[in-house]
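Single-structure report; data block below.
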Amino acid sequence: MLGFLTRLGMILIVFAVGISVQAEPISGIVSVVDGDTLEIHGTRIRLHGIDAPESGQSCRTADDKSWRCGQQAALALSDLLGRKPIICAERDRDRYGRMVAVCRLDDTDINRWMVKEGHAMAYRRYSMEYVAAEDAARAAAIGLWQGAFVSPWDWRRGERLQVAQQSASSDGDCLIKGNISRSGERIYHVPGGAFYKRTKINESKGERWFCTESEARAAGWRASKR
C-alpha cells in the first residue's frame, strides 16, 4: 500500500510540474520588430506559422519596379496594431529562445492577416495552418504576389532577385517564358520543353521572362507539365 501511494504521489508531482510549465498567454501593447516578430514587455515573440520578408529585403512589382517589401511588411503590421493591446498564446520556442505564438487583436488572427494580405508567406516547414490564406493572397496578386520575390527562407540563405528582367531578346540570359493561358493560369516554360518554342511572350498582357525557376515560382507561375 505504501509503494502504491509513493507511486501515486510521484505521478501527481509530475502532473503538477507539467501544468506549471504551460506558459500563460502574454498580452499588452506591442513594439513591432519586423513583419513576423513582436515584443511585449521585453519578451520577443515570433509569429507562428508565417515568414515575412526580412527588413532589408526588396521585391519587384509586375512592371519590374523594386520595392522594400520587408520594410512594408513591418509597416503594415505596425499600422494594424497601432497602440491596441493584443494577446499571444505560445505554441513553441525557437532556437533563439523566442516565444513562438499565435497572436490576436480582438477577433483577428494577426498571423493569418499578415499572410492573407500578402505581407508574409505560410511557413510550411513548421505549419500548414496558413496555406489557405497564402493561396487567397496569391490569387488576388496582392502584396508579395504582385510581382517577383525570393522566399524569406531562401533570401536568408543568400538567394537574390536579378537586378532587372531581361527583355525578349535572343541574347538575354533570362530564357524562361512566363505565359498566361486563356483561362488566366500562369505557366512557365523552360528551354527544351514541349511548348517552349511555340510560346510567345506578350509583356502587355502581363507575360514575362524569368531567369530562374525559383524566381518564376515565387512570382506565382507553375511549371509546364510538358
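The values are calculated or read from the model by the stated rules, or taken from the named source; none is laboratory data. As the structure is a computational prediction, the values presented were derived from the model and not from experiment. When we count neighbours, we look across all protein chains shown, and the Cβ atoms used for this are built from the backbone with ideal geometry, even at glycine. Quick note on the areas: whole protein, heavy atoms, side chains included, nothing else; ligands and nucleic acids left out. Shrake-Rupley method; radii C 1.70, N 1.55, O 1.52, S 1.80 Å.
Each residue of the stretch 141-151 was assigned a 3J(HN,Hα) from its phi angle through the Karplus curve 6.51 cos²θ - 1.76 cosθ + 1.60 (θ = phi - 60°); the sequence is 6, 10, x, 4, 7, 7, x, 10, 7, 9, 3 Hz, with glycine and proline shown as x. The DSSP beta bridges internal to the stretch 91-225 are antiparallel in roughly 85% of cases. Describe numerically, in nm with one decimal, the distance between label points set 7 Å from Cα along Cα→Cβ at D64 and at A89. The answer from the label model is 4.8 nm. Multiplying the residue separation of E39 and A23 by 0.36 nm and removing their Cα-Cα distance gives an extension gain of 4.1 nm.
Of the residues D107, D63, D135, D51, ranked by 1.4 Å probe accessible area with the largest first, the sequence reads D107, D63, D135, D51.
Applying the criteria of a DSSP loop state and at most 10 other Cβ atoms within 10 Å to the trypsin sites (Lys or Arg not before Pro) of the stretch 18-109 yields K65, R83, R95.
When nucleic acids and ligands are ignored and a 1.4 Å probe is applied, T108 ends up with an accessible area of around 50 Å². When nucleic acids and ligands are ignored and a 1.4 Å probe is applied, W67 ends up with an accessible area of around 50 Å². Normalising the average separation of contacting C-alpha pairs (under 8 angstrom, six or more residues apart) by the number of residues puts the relative contact order of the stretch 96-226 at 20 percent. Shown for the stretch 60-216: the carbon plus sulfur share of the solvent-accessible area, taken with all protein chains present and a 1.4 angstrom probe, equals 48%. For the pair T212 and S224 in one chain, pulling the backbone fully straight at 0.36 nm per residue adds 2.9 nm over the alpha carbon distance.
Amide H contacts for V102 (H built 1.01 Å from N in the peptide plane; partners 5 or more residues away or on another chain; cut-off under 5 Å): H48, A89, R91.
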